[in-house]
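J.: I have a structure I would like to understand better, so I am pasting it below and will then ask my questions one at a time.
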Amino acid sequence: MRSLVLALSILLPGGGDVWYADPSPPGAIPTRHAIPSTPDEIKWRVEQLRANGVLRVADRRIESRTLMLDVYERRGFQPLWTHPAAVEGLARAIDAAEQHGLDPEHYHRSALSEGPGAAPPSALWGGAGPPPGRAADLDLLRTDAFVRLSSHLRFGKVEPEGPSTGAEASWRFGGSHAMDNLVAVVSSGRVEQALASLPPRHIVYQGLMTALADLRAVAATGGWDRIPDGPTMRRDSTDARVPALRRRLGVTPPFAAEQDAGILRFDAALEAAVTSFQHTHGLNEDGLVGAATRSALNVPVERRIDQVRVNLERARWVAHQLPDAFVAVNVAGARVYVLQGDSVVFETRAIVGTDYTRTPLFSAPMLYVDLNPTWTVPASVAGEVLGALREDSTYLQVQGIRVLDASGREVDPSEIDFSRYTDGTFPYVFRQDPGPTNALGEIKLMFPNKHSVYLHDTPSRGLFAAEKRLFSHGCIRVQNPLGLAEVVIGDPERWNREALRAEIDKGITQTIPLDKPMPVYVLYWTASVDLHGELHFYPDVYGRDAAILAGLDMDDGR
């Protein structure tokens, strides 16, 4: 009977209640019932939503949220989306979600754009609007789409990994005034403008959006040429693959006929383009097209699009309300930066954790710098020292490592039978003295945290030349630690690099407190845009992208 009522409501004119009669035996007086109004239909659906926690509308899933329920229950179930500009603005904002790496279908685009009632009420049904059931469906779908999209643009769609500034950020559609703010935005018709204000305004986020559009344009033309396998290409060599390499890098060939060998020559312009490509793809900038560079060149444009989408999501987690000055560590790129305002004032290579001892993602304030630091060997590394002792009984003396008991008292190593212990049972602590073999090198930059991770120097400086620099137990080794210390201390007259070098050369352990704590963000970005707008890609060394991409592609409105 309910379906019959809704079918009749499509055929009958609007204006007041519409009535239908129950089928009755001959001679009986028919009973009249009012066809439900739009508020009645909304109430019926909202009650189902509150009771069941989920509601399916037009084959779409609407979840029970406090805001979703409040909008209707506290307003007597009146429809919200009565302003034509609000309806049209929401439709445009849903389409624009694609520019942010989000899928418009996850915000009910098809359900809202197909069938009667998709257009503003004045355009259909002789100005009366869609029938009540359809009107209720559309209203609920639009509110759910708005709530979903606003949350995803502001905080991200996928649960954050690592540091996030979202929790501290003010949120217009959260808290005690959420319903009033939502109603005010929709009633004003400025829905599109409200949603456009939610993503980060940071230059990196805006640059990634531009990069996404550019990459999609490349994909629309068929992608880029693949460089066939073969020997390393280098300056002044001749190779049949050179034309494909030129097309891939957008380098104009020399003026020559197709049969001229000059078009196959790897010239200076092509070498410069290769070096630039290597710079933006985390590769050693040698101008050679070997296996690693060729592999990066041959990554399909569709995969690069996915990388940018994933890192737009990461930017939504962290790029709101960043401090004026901070240290950023990109674990995927194995690089350390210091940013002040809109400038990168320092940049250097880093070494990060192996795949088995991954550098964690977090944020903490840097508080002090240690010169000539000692190194207290973490329990997780003590097993390696015990293993080295089994191979060489003089290992502790050669490495300058002392043994301390639980109270910090030094213990004579000759009195300990190290063979009795494993890393899980060892009751002592190893501590390495300052010196040329110290694992922390000459300087340590401390931002105390539960992970016992910090930035530091290293005696193994040759490892910085590697393209993939995954060698540490989780801490972050810095190629130019004195330059980093000079910037974060921020007192160049007293603590410039020369002054730091002079103090280190004294061989005395010394602590330099920072006058102002410097925030440190340990992040993981496989695609980013620098402050000059240059797009950079880095390998997904820990394999973190896939889970985020799956979350972005999951339609939780199904």
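The values are calculated or read from the model by the stated rules, or taken from the named source; none is laboratory data. As the structure is a computational prediction, the values presented were derived from the model and not from experiment. FYI the Cβ positions are ideal-geometry reconstructions off the backbone, even for glycines, and counts take in every protein chain you see.
One line per residue, one yes/no per condition, for (1) of a type in the set (S, T, N, Q); (2) over 23 Å from S176 (Cα atoms); (3) modelled with pLDDT under 90; (4) surrounded by fewer than 18 Cβ atoms within 10 Å (Cβ to Cβ):
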| position | (1), (2), (3), (4) |
| --- | --- |
| P23 | no, yes, yes, yes |
| G27 | no, yes, yes, yes |
| T31 | yes, yes, yes, yes |
| I35 | no, yes, yes, no |
| D40 | no, yes, no, yes |
| E47 | no, no, no, yes |
| R50 | no, no, no, yes |
| D70 | no, no, no, yes |
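J.: Give the stretch 349-382 a look and list any residue that's crowded, with 17+ Cβ neighbours inside 10 Å, under 29 Å from the mean Cα position of the chain (by Cα) and of a type in the set (S, T, N, Q), or say none.
T.: T359, S363
A quick yes/no check of all residues on (1) touching a Lys or Arg at 6+ places or on another chain (Cβ under 6 Å); (2) hydrophobic (A, V, I, L, M, F, W, C); (3) modelled with pLDDT of 95 or more:
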{"residue": "H202", "(1), (2), (3)": "no, no, no"}
{"residue": "L208", "(1), (2), (3)": "no, yes, yes"}
{"residue": "L212", "(1), (2), (3)": "no, yes, yes"}
{"residue": "A217", "(1), (2), (3)": "no, yes, yes"}
{"residue": "A220", "(1), (2), (3)": "no, yes, yes"}
{"residue": "R235", "(1), (2), (3)": "no, no, yes"}
{"residue": "R241", "(1), (2), (3)": "no, no, yes"}
{"residue": "A261", "(1), (2), (3)": "no, yes, no"}
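J.: State whether the residues of the stretch 184-194 include one that is at pLDDT below 95, of a type in the set (D, E) and in the same structural domain as L69 (by TED's automatic domain parsing).
T.: No.
J.: State all residues of the stretch 263-319 that are under 20 Å from L212 (Cα atoms), acidic (D, E) and crowded, with 17+ Cβ neighbours inside 10 Å; if no residue qualifies, say none.
T.: Within the stretch 263-319, D306, E313 meet the criteria.
J.: A follow-up question, please. Take D236 and tell me if it is at negative phi and among the acidic types (D, E).
T.: Answer is no for this residue.
J.: Let me ask something additional. Being under 21 Å from V344 (Cα atoms) and modelled with pLDDT of 95 or more is true for just one of L482, L470. Which residue is that?
T.: Values: L470 fails: under 21 Å from V344 (Cα atoms).
Of the residues listed, the single one that is under 21 Å from V344 (Cα atoms) and modelled with pLDDT of 95 or more is L482.
J.: Give the stretch 74-93 a look and list any residue that's in a helix (DSSP H, G or I) and surrounded by fewer than 17 Cβ atoms within 10 Å (Cβ to Cβ), or say none. Before the answer, list the steps.
T.: The initial filter retains those residues of the stretch 74-93 that are in a helix (DSSP H, G or I), namely 84-93.
Of everything in the stretch 74-93, those that are in a helix (DSSP H, G or I) and surrounded by fewer than 17 Cβ atoms within 10 Å (Cβ to Cβ) turn out to be P84, A85, E88, R92.
J.: May I pose another question? Does at least one position in the stretch 211-219 carry a residue that is closer than 30 Å to L322 by Cβ, touching a Ser or Thr at 6+ places or on another chain (Cβ under 8 Å) and either assigned to a helix (DSSP H, G or I) or without any contact (Cβ under 8 Å) to a residue 40 or more places away in the chain (or both)?
T.: no
J.: To continue, here is another question. Counting residues that are over 25 Å from the mean Cα position of the chain (by Cα), which strands (runs of 3 or more DSSP E) fully inside the stretch 475-539 reach at least 3?
T.: So the answer is 510-523.
J.: Ok, one more. For the stretch 496-523, give me each residue that is touching a helix residue (DSSP H, G or I) at 6+ places or on another chain (Cβ under 7 Å) and within 16 Å of P373 (Cβ to Cβ).
T.: L500, R501, Q510, I512, L514
J.: Restricting to the stretch 429-449, and then to whatever is touching a residue at least 24 places away in the same chain (Cβ under 8 Å) and surrounded by fewer than 17 Cβ atoms within 10 Å (Cβ to Cβ), can you tell me which residue is farthest from I504 (Cα to Cα)?
T.: The selected residue is N449.
J.: Something else now. Can you say whether G490 is touching a Pro at 6+ places or on another chain (Cβ under 9 Å) and either free of Cβ contacts under 8 Å to residues at least 60 places away in the same chain or of a type outside the set (A, V, I, L, M, F, W, C) (or both), as far as the supplied structure shows?
T.: No: the conditions fail for G490.
A quick yes/no check of all residues on (1) modelled with pLDDT of 95 or more; (2) of a type in the set (S, T, N, Q); (3) under 33 Å from the mean Cα position of the chain (by Cα):
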| residue | (1), (2), (3) |
| --- | --- |
| S64 | no, yes, yes |
| L67 | no, no, yes |
| G76 | yes, no, no |
| L80 | yes, no, no |
| A85 | yes, no, yes |
| E88 | yes, no, yes |
| R92 | yes, no, yes |
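J.: So which of P373, P365 is in contact with a His (Cβ under 9 Å, 6 or more places away or on another chain) and in contact (Cβ under 8 Å) with a residue 24 or more places away in the chain? Break it down stepwise before answering.
T.: Numbers: P365 fails: in contact with a His (Cβ under 9 Å, 6 or more places away or on another chain).
Only one candidate qualifies: P373.
J.: Please go through the stretch 200-247 and give me each residue that is farther than 25 Å from Q99 by Cα and among the basic types (K, R), ordered by number.
T.: Result: R226, R234, R235, R241, R246, R247.
J.: Check A502, A485 and return the single one that is assigned by TED's automatic domain parsing to the domain that holds S343, farther than 27 Å from R304 by Cβ and without any contact (Cβ under 8 Å) to a residue 12 or more places away in the chain.
T.: A502
J.: Would you please name the residue that is nearest to N330 (Cα to Cα), looking only at residues in the stretch 278-296 that are in a loop (DSSP other than H, G, I, E, B) and among the aliphatic types (A, V, I, L, M)?
T.: L283
J.: Name the one entry in D370, D423 that is closer than 22 Å to I508 by Cβ and of a type in the set (D, E, K, R). Talk me through it step by step, then tell me what you get.
T.: Details: D423 fails: closer than 22 Å to I508 by Cβ.
Step by step, each of D370, D423 is checked, and only D370 is closer than 22 Å to I508 by Cβ and of a type in the set (D, E, K, R).
J.: Next up: A334 is checked against (1) surrounded by fewer than 21 Cβ atoms within 10 Å (Cβ to Cβ); (2) over 26 Å from Q99 (Cβ atoms) and fails just one. What number does that condition carry?
T.: Unmet condition: (1).
J.: Just name the residue that is surrounded by the most Cβ atoms within 10 Å (Cβ to Cβ) out of those in the stretch 459-506 that are over 21 Å from Y542 (Cβ atoms) and touching a Gly at 6+ places or on another chain (Cβ under 8 Å).
T.: If we take residues in the stretch 459-506 being over 21 Å from Y542 (Cβ atoms) and touching a Gly at 6+ places or on another chain (Cβ under 8 Å), then P481 is surrounded by the most Cβ atoms within 10 Å (Cβ to Cβ).
J.: Does H320 fit the bill of being farther than 19 Å from V242 by Cα, at pLDDT 95 or above and in a loop (DSSP other than H, G, I, E, B)?
T.: When the stated conditions are applied, H320 does not pass them.
J.: Please verify whether V251 is under 19 Å from V541 (Cα atoms), surrounded by 16 or more Cβ atoms within 10 Å (Cβ to Cβ) and of a type in the set (A, V, I, L, M), treating the condition exactly as stated.
T.: no
J.: Wholly within the stretch 401-463, which strands (runs of 3 or more DSSP E) include no fewer than the required count, namely at least 1 residues that are closer than 22 Å to P481 by Cα?
T.: Correct list: 429-432, 443-446.
J.: Here is a list: A315, A334, A319. Which entry is in the same structural domain as L470 (by TED's automatic domain parsing) and under 18 Å from the mean Cα position of the chain (by Cα)?
T.: Values: A315 fails: in the same structural domain as L470 (by TED's automatic domain parsing); A319 fails: in the same structural domain as L470 (by TED's automatic domain parsing).
Of the residues listed, the single one that is in the same structural domain as L470 (by TED's automatic domain parsing) and under 18 Å from the mean Cα position of the chain (by Cα) is A334.
Listed here are the residues, each with its yes/no results for (1) charged (D, E, K, R); (2) part of a helix (DSSP H, G or I); (3) touching a His at 6+ places or on another chain (Cβ under 8 Å).
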| position | (1), (2), (3) |
| --- | --- |
| T348 | no, no, no |
| T357 | no, no, yes |
| V369 | no, no, no |
| G387 | no, yes, no |
